[in-house]
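The values are calculated or read from the model by the stated rules, or taken from the named source; none is laboratory data. Treat the numbers as computed from the prediction; the structure is a model and nothing was measured. FYI the Cβ positions are ideal-geometry reconstructions off the backbone, even for glycines, and counts take in every protein chain you see. All accessible areas refer to the heavy atoms of the entire protein, side chains included, with ligands and DNA or RNA removed. Shrake-Rupley method; radii C 1.70, N 1.55, O 1.52, S 1.80 Å.
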Amino acid sequence: MKNIVVLVSGGGTNLQALIDAQKSGIIKNGRITCVISSKEGVYALERAKNNGIASRVIPRKEYSDSVSYSKAILEALNEENADLVVLAGFMTILDECVTKAYEYKIINVHPALIPSFCGEGFYGLRVHEAALEYGVKVSGATIHFVNEKADAGAIILQGTVDVKRDDTPETLQRRIMENVEWRLLPKAVSLLCEDRIDIIDGRAYVRD
């Protein structure tokens with residue numbers, strides 16, 4: 001049984017999707033053992049508490065730069081014996097001291113079809129605003145491994161939704177969360193816990 005540590009910064013809707021998936025048996029050979037938040041008082045911590053999951057707060061504002069903060073996160077992950085790390089609305093880019101130590105063990109969900117509308121500055125509603133401004137006909141979400149560059153790690157899973165003529169950033173965001181993010185993130189976590197992802201030449205392949 002692998003230890004899953006989830007990193008959060010806000011409300012924790014993706015965390016809730018993982019908790020629900022764990023309860024329903026979708027996630028196999030893994031369990032969420034700790035939730036680490038970059039902010040105090042966020043609702044994600046309440047979700048962890050309500051489900052009997054240990055939590056820690058490592059406030060980003062208390063660290064002068066990304067490197068010192070990443071070292072604190074790395075220490076916490078090691079203390080928690082993390083086998084898999086999930087970034088679920090975690091709003092800090094981690095330094096390579098973390099991504100190298102947990103290579104191909106950290107995954108993130110990005111609310112667009114990478115390589116479109118991704119990288120530094122593309123997060124939250126900004127992603128959906130950019131997609132609508134460009135006039136795309138489909139959008140979606142990408143579950144990918146995390147490396148030292150924003151949204152640049154190997155792609156694990158992608159899913160799509162149709163973009164509607166009257167969509168706003170908010171309606172598109174909601175449709176992608178409900179139909180793609182909350183479905184594919186638990187699936188990717190389970191695949192990793194079951195050791196069903198092969199890395200070949202820097203690309204991720206799911207094994208049947």
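Listing for the model above:
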| quantity | calculated |
| --- | --- |
| Test set (1) modelled with pLDDT of 95 or more; (2) out of contact with any Lys or Arg (no Cβ under 8 Å at 6 or more places or on another chain); (3) of a type in the set (S, T, N, Q) - S55 fails condition number | (2) |
| Flag if E178 is open to solvent by 70 Å² or more (accessible area, probe 1.4 Å) and not in a loop (DSSP other than H, G, I, E, B) | yes |
| Sole residue being under 24 Å from K149 (Cα atoms), of a type in the set (A, V, I, L, M, F, W, C), in contact with a Cys (Cβ under 9 Å, 6 or more places away or on another chain) and modelled with pLDDT of 95 or more, chosen from L74, L15 | L74 |
| Residues (in contact with a Phe, Trp or Tyr (Cβ under 9 Å, 6 or more places away or on another chain), over 16 Å from E170 (Cα atoms) and in a strand (DSSP E or B)) located in the stretch 128-149 | F145 |
| First in the stretch 30-53 and among the polar types (S, T, N, Q), second anywhere and at pLDDT 95 or above and in a loop (DSSP other than H, G, I, E, B), Cβ under 6 Å, 6 or more apart | S38/S9 |
| D166 open to solvent by 20 Å² or more (accessible area, probe 1.4 Å), among the charged types (D, E, K, R) and on the phi > 0 side of the Ramachandran plot | no |
| Scope the stretch 33-69; condition small (G, A, S) and out of contact with any Phe, Trp or Tyr (no Cβ under 7 Å at 6 or more places or on another chain); matching residues | S37, G41, A44, A48, G52, A54, S55, S64, S66, S68 |
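Conditions (1) under 30 Å from D95 (Cβ atoms); (2) open to solvent by less than 30 Å² (accessible area, probe 1.4 Å), marked per residue:
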| residue | (1), (2) |
| --- | --- |
| C118 | yes, no |
| R126 | yes, no |
| L132 | no, no |
| H144 | yes, yes |
| D151 | yes, yes |
| R174 | no, no |
| W182 | yes, no |
| L192 | yes, yes |
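Each row is one residue, and each column tells you yes or no for (1) under 19 Å from the mean Cα position of the chain (by Cα); (2) at pLDDT 95 or above.
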position	(1), (2)
Y123	yes, no
Y134	no, yes
K137	no, yes
T142	yes, yes
D151	yes, no
T160	yes, yes
